[in-house]
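What follows is one structure encoded as structure tokens, with my remarks underneath.
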Amino acid sequence: MTGFHKLSRDEKIKKIKALSGLDESDMKSLEGPLDASVAEMMSENVIGTVKLPFGIAVNFVINGRKYLIPMCIEEPSVVAAASNAAKLALPCGFRAECSQPVMIGQVQLVGISDTNKARESILSGISTIKKLANGRDSVMVKLGGGLEDVEVRLIGSSRGPMVVVHLIVNVVDAMGANCVNSMCEAVAPYLEEVTGGRAVLKIISNLADRRLAAAAAVWKKDVIGEDVIEGILDAYELARVDAYRCATNNKGIMNGVDAVAIATGNDFRALEAGAHAYAAIGRYRPLAEYEKNSEGDLVGRLKMPLAVGIVGGATKTNPVARTSLKILGVKSASELACVMACVGLANNFAALRAIVSEGIQRGHMKLHAKNIAMSAGASHEEAVSVSTKMIEDKKISVSHAKKILEEMRK
Ligand code: MEV
């Protein structure tokens, strides 16, 4: 995909259409706004829809397969950075793997005096709990998912002891919130009956620490340079020991992860909650780590919860999400999670590389210059010349763009 970014928009569309086998209705989903009637089914008091740029990250080779990756994001540089990091990792690209698509549902029981006895009663009723939970989602069970296990935690609190039941559910290709929440509600009356307690919360946990995706890549020293490697290791070390830096570091990872989540209709708030809660287990730490291998090349590894689906929710109702999944060509939610982990790692590497070498602003502002030119009133065509001139002048601001525009129009 060398030179993809230099193609015109029409040429890019033509290429992606051919490579992904998109049909006219897929193309339509990318052009127009979300149909108002569809939007109204998804949310309430709808009076419009938001449009975001829909870009394609290229050059990704993951587990030996090539991927085109749709990303929806308003921030300049993110798609370019992911594509560039992926290119620098070639020819091997990324390795990625994922644990089973297992989510946790919580049922909180209060008002129990003998919590040990309650735990025993719950554990001896696992087969009944399974029957009640799986009765809520026969399709998932047919597909090999459903309630797999039950765990009981006893938690002391200022409001007295609590018994918290964890339902461990294989949600197959769904994100899983609907199914897990229904299961929690279905088993709550039985749990109340066998424990004598009162069920308060019955809800999924977004700390999806049983549903982890891992990605790894090697960036060779003769490709990125030894100084850059040393710089990245220094920058990574600061993120490891300092929460102020770590938050920004992890934000860079979520730039990529969320952009794919939005393109594929996934719940990016759930991903954010899960990612940061996971990063904060013990002490808040970077989601990706770096080291030098014996050849002196840079090895990056990322591990994080990625509760994403390819069926149900907006992945089904939003036509853009369906088109994105077609472009990705993923066959399972786990494969999508693997792809997203690689994009997160790519964006983290790209941000670190830019920060420790030329600085983030040069590339960022170059792309941002076009936005600035348009805010100064330039048409789409004028924006290209205005932004080029601003970069030449090393002065990127709305006032300077206005000045150039005035001169140009004269
Ligand atoms: C900006 O959206 C993300 C970065 O701040 C990430 C980082 O600092 O690693 C560039």
If I filter segment 278-307 down to residues being hydrophobic (A, V, I, L, M, F, W, C) and in a loop (DSSP other than H, G, I, E, B), which single residue comes out as surrounded by the most Cβ atoms within 10 Å (Cβ to Cβ)? Leu306
Quick test of your reading of the structure: Ala270 fulfils all but one of (1) surrounded by fewer than 17 Cβ atoms within 10 Å (Cβ to Cβ); (2) touching a residue at least 60 places away in the same chain (Cβ under 8 Å). Name the failing condition by number. (1)
What is the number of the single condition among (1) at pLDDT 95 or above; (2) surrounded by 19 or more Cβ atoms within 10 Å (Cβ to Cβ); (3) part of a helix (DSSP H, G or I) that Lys326 does not meet? (2)
How many residues are under 25 Å from Phe60 (Cα atoms) and either more than 14 Å from the ligand (Cβ to nearest atom) or at pLDDT below 95 (or both) when one looks only at segment 234-257? 0
Test result for Ala321, buried (at least 21 other Cβ atoms within 10 Å of the Cβ) and either in the same structural domain as Ala261 (by TED's automatic domain parsing) or modelled with pLDDT under 85 (or both): yes
Here is a list: Gly329, Gly359. Which entry is out of contact with any strand residue (DSSP E or B) (no Cβ under 6 Å at 6 or more places or on another chain) and away from the ligand (no atom under 13 Å from the Cβ)? Gly329
Identify, please: which residue in segment 195-232 is in contact with a Lys or Arg (Cβ under 9 Å, 6 or more places away or on another chain) and part of a strand (DSSP E or B) and is, among those, surrounded by the most Cβ atoms within 10 Å (Cβ to Cβ)? Ala215
Picking from Val180, Val187, Val164, which residue would you name as being touching a strand residue (DSSP E or B) at 6+ places or on another chain (Cβ under 7 Å), assigned to a strand (DSSP E or B) and aliphatic (A, V, I, L, M)? Val164
Check off (1) under 30 Å from Ala177 (Cβ atoms); (2) away from the ligand (no atom under 16 Å from the Cβ); (3) in contact with an Asp or Glu (Cβ under 9 Å, 6 or more places away or on another chain) for Leu302 and give me the number that stays unchecked. (2)
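The values are calculated or read from the model by the stated rules, or taken from the named source; none is laboratory data. No experiment lies behind these values; they were computed from the predicted model shown. All Cβ positions, glycine included, derive from the backbone under ideal geometry; neighbour counts span all protein chains shown.
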